[in-house]
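Heads up: the structure comes next, in structure tokens.
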Amino acid sequence: MAKIILLATLLIAVCHTGQTQIVSSSGQWSKDGTQLLSQIQSHLLQLQTIVSDHGHLFMDIQKKINNLSETDKHLSRNLTDQEQAMLKDIQHLQRQMVSSHAKMTNVTITLKDLSSAVSRMQKYTDQQNMFNLLLTDRINLLTKLALYSQYQTSYYYYVSSTLSWDDAANYCKKIHPQGHLATIQSQGENDFIAKLLPYGATSFLGGHDRVQENKWQWENGETFNYTNWSPGEPNNGAAREHCMIMYQNNKQWNDAYCTPGNTFVCEIDS
């Protein structure tokens, strides 16, 4: 730009100072005038070249400015998108924190409930242990009073009340946690239980085939490893005989109706 100004100034000066020297007295161009004109033309060409170069430079600068403007807009959009993404992440984290707090609250409540339940269970267990001790003492006392009879490791009790097979099974469970209708594993145990029955009695024992027809098992789910059925039994008379009884007179077994009631024998495992 300084060079352009310098050339323009020079041209103006030449024009003002050289007018009287360019033309001769005869009105013809002098030699000096021709040289000066040549210099002026040369300087004009230089000036045009400089102006053209500066024009191109200006256009390049303007293009770069435009590019920078577009870049700035793009960066601004990217920053806005990133800000939106960060805002969404923050909101998501806030929701997670609220959800986690709610879950922690629920966990705390659950832990308190579990703690209370454990306390109740402990209290119940203590009471149950005390009840078992009292029942054990009761059995020992009844045994001494000859109401219970012991065979090997079990105690047996004949009940003269008549109940259905299910009610009899529940009755045996109520007198002791280890109580159930009597099971028979050997001839010796069979003869021992038969002696507990009064003359002519028919009593329920713990056998049944109510789970699967003709597949007899004891109340606790064990299958028979010893049997003493009467001849021709079990025959499932009228297709309704699914509970086991013992005849006192011959010590043998039969299948019978589960209802109405019979007397029964309870067994308590020690």
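All of the numbers you see were taken from the coordinates with simple rules; none came from a lab. Owing to the predicted nature of the structure, the values given are computational and were not obtained by experimental measurement. Methodologically, a virtual Cβ is constructed for each residue, glycine included, from the backbone with ideal geometry; neighbour enumeration extends over all protein chains shown.
Can you give me the distance in nm between label points at Q122 and N228, each placed 7 Å from the Cα along the Cα-to-Cβ direction?
5.0 nm
Report the Rg/Rh value for the range 65-116, based on alpha-carbon coordinates and the Kirkwood definition of Rh.
Taking Rh as the inverse mean 1/r over Cα pairs, Rg/Rh reads 1.55.
Using the 10 angstrom Cβ neighbour count as an exposure proxy, how do C258, C243 rank, fewest first?
C258, C243
Can you give the FRET efficiency to the nearest 0.05 for L133 and N170, using r as the Cβ-Cβ distance and R₀ = 25 Å?
The pair L133/N170 has a calculated efficiency of 0.65.
Taking only C-alpha pairs under 8 Å that are 6+ residues apart, what is the relative contact order of the range 148-269 in percent?
39 percent
Based on other C-beta atoms within 10 Å, arrange Y226, Y148 from fewest to most.
Listing Y226, Y148 from fewest to most nearby Cβ atoms yields Y226, Y148.
For the range 201-270, treating each Cα as an identical point scatterer without solvent, what Debye log10 I(q)/I(0) comes out at q = 0.16, 0.24, 0.26 1/Å?
-0.52, -1.19, -1.38
Mind listing the phi-derived Karplus ³J(HN,Hα) values for the range 170-180, rounded to whole Hz, using 6.51, -1.76 and 1.60 with θ = phi - 60°, and x for any glycine or proline?
Each residue of the range 170-180 in turn: 5, 4, 4, 5, 6, 6, 6, x, 9, x, 6 Hz.
Along the range 247-261, what does the Karplus equation 6.51 cos²θ - 1.76 cosθ + 1.60 (θ = phi - 60°) give for ³J(HN,Hα), rounded to whole Hz, x for Gly and Pro?
Once θ is set to phi - 60°, the couplings for the range 247-261 become 8, 5, 5, 10, 6, 9, 9, 8, 8, 8, 4, 6, 9, x, x Hz.
Based only on other Cβ atoms within 10 Å, what is the fewest-to-most ordering of H208, H74?
So the ranking, lowest neighbour count to highest, is H74, H208.
Hey, which aspartates and glutamates would be in cross-link range of K173, C-alpha to C-alpha under 16 Å, not counting anything within fewer than 8 residues on its own chain?
Within reach: E219, E267, D269.
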